[in-house]
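> Okay, here's the structure, questions in a sec.
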Amino acid sequence: MDGLTKSGQRKPAETTVLAVPVFSTLCNAAFNLRRDVFIDEQNVPPDEEFDADDLTAHHLVAIRDGEVCGTLRVIYTAEYVKIGRVAVGRPWRGLGIASALMRQAMEDHAHARQNRFHLAAQKDKLPLYERFGFKAYGDEFLDVDIPHLNMKNF
């Protein structure tokens, strides 16, 4: 009955979110996921996807059914905590993975920069971030030909 409810139905899979060190096995799996999502799916040039910020960022991974299914990174700037590179693999979309990552990132880093968070969101992802108190500001801009808006929750 392991993995089944009392009625014999399969239990919903749980998502585990972990902070991982850069270039660890799990972080490398997250980098591969980012490559799949941003470079292969969205045609982001590799030299724009991976940058020096990856060396000092705080990386989170989401694990479901034993696989890295989502990731994001957190960078401290002088004024705020910047969340970026939020990616969920195609098979796991719509299951709350990005929300679990956002929730954990904001909990883990709430102590920094007076709980001030910022991100640049792909325009079609605004509702996700709005659920976490982010508000869009400024003009829409293109980042690698994808419409984005800056968002903040302060």
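> Looking at the structure I just gave you, is Leu33 within 17 Å of the chain's Cα centre (by Cα), at negative phi, at pLDDT 95 or above and buried (at least 19 other Cβ atoms within 10 Å of the Cβ)?
On the way: within 17 Å of the chain's Cα centre (by Cα): yes; at negative phi: yes; at pLDDT 95 or above: yes; buried (at least 19 other Cβ atoms within 10 Å of the Cβ): yes.
So Leu33 passes the test.
> So in segment 51-60, with the set limited to residues that are hydrophobic (A, V, I, L, M, F, W, C) and part of a loop (DSSP other than H, G, I, E, B), which one is surrounded by the most Cβ atoms within 10 Å (Cβ to Cβ)? Break it down into steps so the answer makes sense when it comes.
Here is the first cut: in segment 51-60, the ones hydrophobic (A, V, I, L, M, F, W, C) are 52, 55, 57, 60.
Applying the additional criterion that residues be part of a loop (DSSP other than H, G, I, E, B) yields 52, 57.
Values: Ala52: 7, Ala57: 19.
Among residues in segment 51-60 that are hydrophobic (A, V, I, L, M, F, W, C) and part of a loop (DSSP other than H, G, I, E, B), the one surrounded by the most Cβ atoms within 10 Å (Cβ to Cβ) is Ala57.
> Could you say whether any residue in segment 61-70 is among the aliphatic types (A, V, I, L, M), within 18 Å of Ala19 (Cβ to Cβ) and in a helix (DSSP H, G or I)?
Within segment 61-70, not a single residue is among the aliphatic types (A, V, I, L, M), within 18 Å of Ala19 (Cβ to Cβ) and in a helix (DSSP H, G or I).
> Pick from segment 110-149 the residues that are of a type in the set (A, V, I, L, M) and touching a Phe, Trp or Tyr at 6+ places or on another chain (Cβ under 7 Å): which of them is surrounded by the fewest Cβ atoms within 10 Å (Cβ to Cβ)? Full working, then the answer.
Filtering segment 110-149 for residues of a type in the set (A, V, I, L, M) gives 110, 112, 119-121, 126, 128, 136, 142, 144, 146, 149.
Keeping just the survivors that are touching a Phe, Trp or Tyr at 6+ places or on another chain (Cβ under 7 Å) gives 112, 119, 121.
On the way: Ala112: 15, Leu119: 25, Ala121: 21.
Only one residue tops the list, namely Ala112.
> Out of Val74, Val44, I need the residue that is more than 14 Å from the chain's Cα centre (by Cα), closer than 25 Å to Asp145 by Cα, outside any helix (DSSP H, G or I) and at pLDDT 95 or above. Which one? First the steps, then the outcome.
On the way: Val74 fails: more than 14 Å from the chain's Cα centre (by Cα).
Testing whether each residue is more than 14 Å from the chain's Cα centre (by Cα), closer than 25 Å to Asp145 by Cα, outside any helix (DSSP H, G or I) and at pLDDT 95 or above leaves just Val44.
> Oh, and also: For Glu79, which of the numbered conditions (1) part of a loop (DSSP other than H, G, I, E, B); (2) touching a residue at least 60 places away in the same chain (Cβ under 8 Å); (3) within 25 Å of Phe154 (Cβ to Cβ); (4) not hydroxyl-bearing (Ser, Thr, Tyr) fails to hold?
(2)
> Quick one: would you say Val68 is in contact (Cβ under 8 Å) with a residue 60 or more places away in the chain, more than 19 Å from Ala120 (Cα to Cα) and under 15 Å from the mean Cα position of the chain (by Cα)?
On the way: in contact (Cβ under 8 Å) with a residue 60 or more places away in the chain: no; more than 19 Å from Ala120 (Cα to Cα): yes; under 15 Å from the mean Cα position of the chain (by Cα): yes.
No; evaluated as a whole, the condition is false for this residue.
The values are calculated or read from the model by the stated rules, or taken from the named source; none is laboratory data. Everything quoted here is computed from the prediction, not taken from an experiment. Every residue, glycine as well, gets a Cβ built from its backbone with ideal geometry; the counts of neighbours run over all protein chains shown.
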